[in-house]
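Have a look at the structure below before the remarks.
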Amino acid sequence: MSNWNSQHLDDGLALRYLDGELPARKGRQVRRHLEACWQCRAEIEALETTVADCMRYRKQVLASRLPEPPQAWVDLSRGFDRIDSELSAEPFWKRFAHLPPSLVWSSGAAAMAVLVCAVWYQLREAPSVQAAVLLKKAVAAAENRPITPRRYRIRTHSAAVTRVAGVSKSAEAPLPAAMAAMFADAHYNGVDPLSARSYAGWRDQLSEKRDEVTTGENAYEIRTSTESGDVASATLRLRANDLLPLEGKLEFRNQDFIEFTDLTEAPDLHDGSPVATLGESPVRPAEPSRPAAIAPGSSASISDELQVLSALHGIGADLGDPVEVRLSSGHVEVSGVGVSPERQRQIRSAVESLPHVEVAFSDPGAAPASVQATTPEPAPAFSGTTSGQTAKLQTRLEQQLGGRAELERFSSRVLDWNEAAMARAYALRALAQRFPAGEDSNLSTNDRTVLRQMTREHIDALEVHIRGMESVLAPVLTALGASTAAQPQPAGSSAWQLSAEQVFRSSRRVEVLLSQLLGVASGEKPSADLPTNLLAALRELRANLDECKGLVGQ
Amino acid sequence: MDVHLAQILRHDRGLPALQAQVTQLFEECREDVYRYLLTLGLDPARAQESAQEVFLRLYASLKKGEQIQNPRGWIFRVAHNYGLKVRARQSNESAFDADLESWLASPARTPEHELLERERMLHFHRAVEGLSEQQKRCLFLRMEGLRYPEIGAALGISTSAVGEFLRRAMARLRKVRDE
């Protein structure tokens, strides 16, 4: 409403104006409009008359005709004395709950304790706890919880992405179009799916629904089924002690689904573990395309496959797009599920001129079970709750950077680098697994050059991201007390494929430690040496990367 | 007065003055809280008991260090939630009904000059009774002087939803006069 002189007030706006509920600027606009517009002034007067009717009703009917209190009002002083003595008799630890709200962490913890007791009490009293009540409490708990970045994964049939909640949304890349479309179809908030508020928002708009609330080990699960809309049922699991959402799922009528899982709460890689003992990533190992001995000619060869991979690499489709390449039945099959139409067009355009290529994209709903996304799914790497050590580090980090906003910006930037670095580490590892050590000797000289070129590009890009992280992190880590470790030694691999695996493992270690430092996740025992460990891990990654680069060049 | 009281409570917490201030607030607001609880469907005895409990909770919260910017808003929010719990416990009983309709509809012993007003109030009362529960809650809390965010906090709905409920309620009540 830019021109108030030509548009009349609707009654909602008029009431909010009368009630003083409009922002100051809008209020001034309305006032100016009223000065000019008799029609709206008459409306306002009619509204004021209704307000007056309400107050007359309150006075003449409610105040005078509702029954008087049956007894004389008591003197509250006895109640005051009881409260005073109860409070003074409280154990010492309980008094922490009464600290002023300025001590956010303390009062937040107290609010949590009260909340947990309230939920437990309610569950004990009434087995069929209403989902709405639980959600409302979870929303309130979220509002009382200090804002810390949390990583979570969104997964569908065809793709998986990792997101960070609790940071500026502008810092995040948009969701893949197919995923965003699914959220839109579900009428579910895709910006912050793993939250009680989003779940409640979805649930509230249903015209018909059935809820179930179950109590599992250390968690409550709300399940809402509905006959209306595309989503048949949804679930949200809340951690029992503080109602933190752990995971959720939307199940569509067409058998499709969206899952969102908190990575912070997943099983941990121990902080102090040596790199060599770190767990394997659950990413599907890329199968070597066989047989390598397929001769060039009428059917597709490993050379054709390499060309396709190279073409996809050229448009960045090997860095997270849900695209699969396999050599099968004399063809190089390029398939993808849930790829946006624009991206499909780019991929087709990149590979269609190559020999023996078949391209097939499908919708998520019709995804064949055998087709898997190549989008890296980072290993669930973290568990436990924020420890005192991590909280202390966070506070120091915040002080050093100059406040929470700065910390958020810093976290966002470093996590972006880390995401990009991990995408490269996954891609590098996939190439190493597809063309294992020894077998790449079957390739022609030209193909070997192409393969090494791709590998080198991943390494170079990874190096840029690592350098970026190092340049920002090293001074901060040093200021946090990180000691300069001895010069790290590379793993001593004999082939670039083996070295690529070491690069991947050290990247994962950096990711784990970085997440702990930024409070995105915490290990069970975050070491007091976290800054030192992270700095050492970054340097170890650099050493492995240098080694890999050297081996690729041979 | 509310703001003043809040300031005093913030700076003078822990002193006996706190009891005096809560007592003063109790004396000023208890009838309003009691009536609000009646409109929630509590019977008079429970409504009175609950109203007293609300002020004791206010005292306990302030003693514990809670910062309360607007005591009246806080009181009605707690009264609403506490009242609903009490109502739930008496769920096997029917909600209290003051039967205002009968009184408004019986013109006996009503001076002639008040008859017209009585009739208008009867229509108005029927319109209020015809509002949805949420509209009615928003309206009653607004009549008690609560702002939209306070009403939203009490009812667990957004401020914009409060505005919308009030808009619909007022549109409906306005028709009574226009008819």
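Any read-out appearing in this document is the output of simple, stated calculations on the displayed coordinates, not a laboratory observation. The structure presented is a predicted model; accordingly, all values stated were derived computationally and were not measured. Positions of Cβ are generated from backbone atoms using ideal geometry, with glycine treated the same way; all protein chains shown enter the neighbour counts.
Summary of computed values
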| quantity | calculated |
| --- | --- |
| Equivalent ellipsoid semi-axes - Cα gyration tensor, the stretch B:100-178, angstrom | 30, 12, 10 |
| The stretch A:11-63: proportion of alpha-carbon pairs further apart than 19 angstrom, % | 34 percent |
| Estimated dipole of the stretch B:100-178 in Debye, rounded to 20 [Cβ of Lys and Arg +1, of Asp and Glu -1, Cα centre] | 260 debye |
| Assigned charges on the beta-carbon of Lys, Arg, Asp, Glu; the stretch A:131-262 dipole about Cα centre (debye) | 380 debye |
| At most 14 other Cβ within 10 Å, DSSP loop - GluC sites (Glu not before Pro), the stretch A:413-462 | none |
| Cα convex hull of the stretch A:131-262, projected area averaged across orientations, nm² | 7.7 nm² |
| Relative contact order, percent, the stretch B:100-178 [alpha-carbon distance under 8 Å, six or more residues apart] | 30 percent |
| Intensity falloff of the stretch A:381-515 expressed as log10 I(q)/I(0), Debye formula with alpha-carbon point scatterers, at q = 0.11, 0.22 Å⁻¹ | -0.51, -1.38 |
| Cβ crowding within 10 Å averaged over residues, with B:66-79, A:131-144 ranked highest first | B:66-79, A:131-144 |
| Residue-count net charge about B:Leu40 - beta-carbon cut-off 9 Å; Lys, Arg +1, Asp, Glu -1 | +2 |
| Low-density loop cleavage sites - GluC sites (Glu not before Pro) in the stretch A:208-241, where at most 15 other Cβ are within 10 Å (DSSP) | A:Glu208, A:Glu217, A:Glu227 |
| For residues of A:72-85, the mean tally of beta carbons on other chains within 10 Å | 5 |
| Among the listed pairs A:Lys136/B:Lys175; A:Lys249/B:Lys64; B:Lys85/B:Lys136; A:Lys136/B:Lys63, those beyond 29 Å (Cα-Cα) | A:Lys136/B:Lys175; A:Lys249/B:Lys64 |
